1. Of the residues B:Thr106, B:Thr125, which single one is at the interface with chain A (Cβ under 10 Å from one of its Cβ atoms), farther than 19 Å from B:Ala198 by Cα and within 18 Å of the chain's Cα centre (by Cα)?
2. (1) at pLDDT below 95; (2) part of a helix (DSSP H, G or I); (3) surrounded by 20 or more Cβ atoms within 10 Å (Cβ to Cβ): which one isn't true of A:Glu70, the others all being true?
3. Restricting the search to the range B:85-103, which residues are more than 13 Å from chain A (Cβ to nearest Cβ) and touching a Pro at 6+ places or on another chain (Cβ under 9 Å)?
4. Any idea which of B:Leu189, B:Leu149, B:Leu158, B:Leu166 is at the interface with chain A (Cβ under 7 Å from one of its Cβ atoms), of a type outside the set (Phe, Trp, Tyr) and either within 25 Å of A:His39 (Cβ to Cβ) or crowded, with 24+ Cβ neighbours inside 10 Å (or both)?
5. Please work out which residue is surrounded by the fewest Cβ atoms within 10 Å (Cβ to Cβ), limiting yourself to the range A:101-123 and to residues that are under 17 Å from B:Asp96 (Cβ atoms) and among the aliphatic types (A, V, I, L, M).
6. Of the numbered conditions (1) more than 10 Å from chain A (Cβ to nearest Cβ); (2) in a helix (DSSP H, G or I), B:Val82 satisfies every one except a single condition; which is it?
7. Scan the range B:263-283 and tell me whether some residue there is modelled with pLDDT under 90 and in a loop (DSSP other than H, G, I, E, B).
8. Looking at the range A:112-122, is at least one residue facing chain B (nearest Cβ under 9 Å) and free of Cβ contacts under 8 Å to residues at least 12 places away in the same chain?
Number of protein chains: 2
Amino acid sequence: MNPAVDISIGDYIETERARVDQELDRLLPPESEPPESIHKAMRYSVLAGGKRLRSILCLECGRLFGVDDEALLTAAAALELVHTYSLIHDDLPAMDNDELRRGKPTSHRVFGEALAILAGDGLLTLAFEVTSQTAAIPAELQLRLINELAYALGTRGLIGGQVADLAAVEGKVSEDSLRYIHRTKTGALICASARTGALVAGAPEADIARVTEYGERVGLAFQIADDLLDVLGTEQELGKAVHKDGDQHKATYPAFYGVEESRRIAKRLVHEACEALARYGGRARRLQELANFLITRQS
Amino acid sequence: MNPAVDISIGDYIETERARVDQELDRLLPPESEPPESIHKAMRYSVLAGGKRLRSILCLECGRLFGVDDEALLTAAAALELVHTYSLIHDDLPAMDNDELRRGKPTSHRVFGEALAILAGDGLLTLAFEVTSQTAAIPAELQLRLINELAYALGTRGLIGGQVADLAAVEGKVSEDSLRYIHRTKTGALICASARTGALVAGAPEADIARVTEYGERVGLAFQIADDLLDVLGTEQELGKAVHKDGDQHKATYPAFYGVEESRRIAKRLVHEACEALARYGGRARRLQELANFLITRQS
């Protein structure tokens, strides 16, 4: 079922977010289940109120090819479990050493480092557990989703990007490694989110290729927008520390290309992302709106 | 193919270990692949020379029901990937803060904390990736293996045990929580290893139940033997720091029951484990020898 198309993009995101949050609440073990502390820590970070962008991209790319939300929802929510795992581990003192995330103290600040590490581990593991028991999807497809997810998260994806990003703090990065970091650290999971939707819908390879093109462009544009917000946004708007990238000499687009050129690149990427879905006409409207929203958002 | 049955248990383990190490070498990305540092860190810890107990239990429980090693080897090796992930994270300063593992400096001592955390994350992710692309096993079975693995590793298994173990350092533990910690922290993955072999072989539920009984007993006995080695062994023999459990007031069997009674419990568990497989006669000989070996080993 497609949600009503006459509501604004903001209201649309709110509605979708509520559905995803409900599924996340269902998938996470209750706080009352021992050991309580780890379930509390997992819930604290997952339910801290993210945008659920990855889930929404997954849901909307599935709907593009007519699949029922029922079949998509668990796989879509699992993307937020792994996204949160990556945030918890990235925020650790040994990594980016962040104190604030989604407007709240980071996991290790509330629960201590040991529980924060284990909460991340637990979320990563839970994502594979729930994706392997989605009765609404045939076994071959579940396996493919697991394989895609693991690849996007592994050392050829998100972890590889995080490693390169940490290394980049220590020295000046080249244009190539800047692209590599953005493509893997953020882009791989966003692209996998879009692909997951199309895969669950059983879309033909040619359609999956278009969704992949969309996902790659959106993933990169999203990270550039994130870099720009770090330069231009306030801590209050973002719910996390700002100006950290510049202070730490991190690999960012504004640092490399300047603010104006970075904006132009992000806009071009979003334009290309929308073009990739042009042949789907009005059915792709939400996905095109989402792409535009990502680079104009203030948090 | 069963290996020659006339070789000693020590030689048998050596032969099996070499096969598992070869598969692990095949599954791990090469050190030369960027980002090199993470692949180097993953290989350093995985190939540091463990006993490969979990893989061998998996292989031998599969052979018990006549399955070819080809179908088993990747799933068996994946168990060592996740075991190593758990060791790397357990050894971190925020957790057990260990400096020595398998006779070598721990991951964070060599590569720093950030890379050690990411190497653990990478191994956990890789295990799900390779288990989801084992062409020799039907899709439904691969899914079940992934689900079993995730459950054994999750907050109802290994992670739950680690959380309880960390909490136990801070206060006196009850007999119940001592059992819970041992059952989950070590037992869950060892039991899942044995079950994985039987599952790949397509063994009927009654047989899987017997293998599960064997796996549960062996898992608990193994951890008690580990506790005893911590009290009685030397750092040189074990390749890791000893007497740490007592110093940290950790939840151990010797601390709770004393050395002699702990030995009796471990022996009884191994006896029960062997009994569970009695109906398989000579075919289960290696599994029974393995159970006995685990509580008589010196390292």
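1. B:Thr125
2. (3)
3. B:Glu99, the sole residue that qualifies.
4. Criteria check complete, one pass: B:Leu166.
5. A:Ala114
6. Failed condition: (1).
7. Within the range B:263-283 (the criterion being modelled with pLDDT under 90 and in a loop (DSSP other than H, G, I, E, B)), the answer is no, since none of the residues qualifies.
8. Yes: one or more hits.
The values are calculated or read from the model by the stated rules, or taken from the named source; none is laboratory data. In this text, all values refer to a predicted model and were calculated from it rather than measured experimentally. Glycine also receives a Cβ, built like all others from the backbone with ideal geometry; neighbour counts cover every protein chain displayed.
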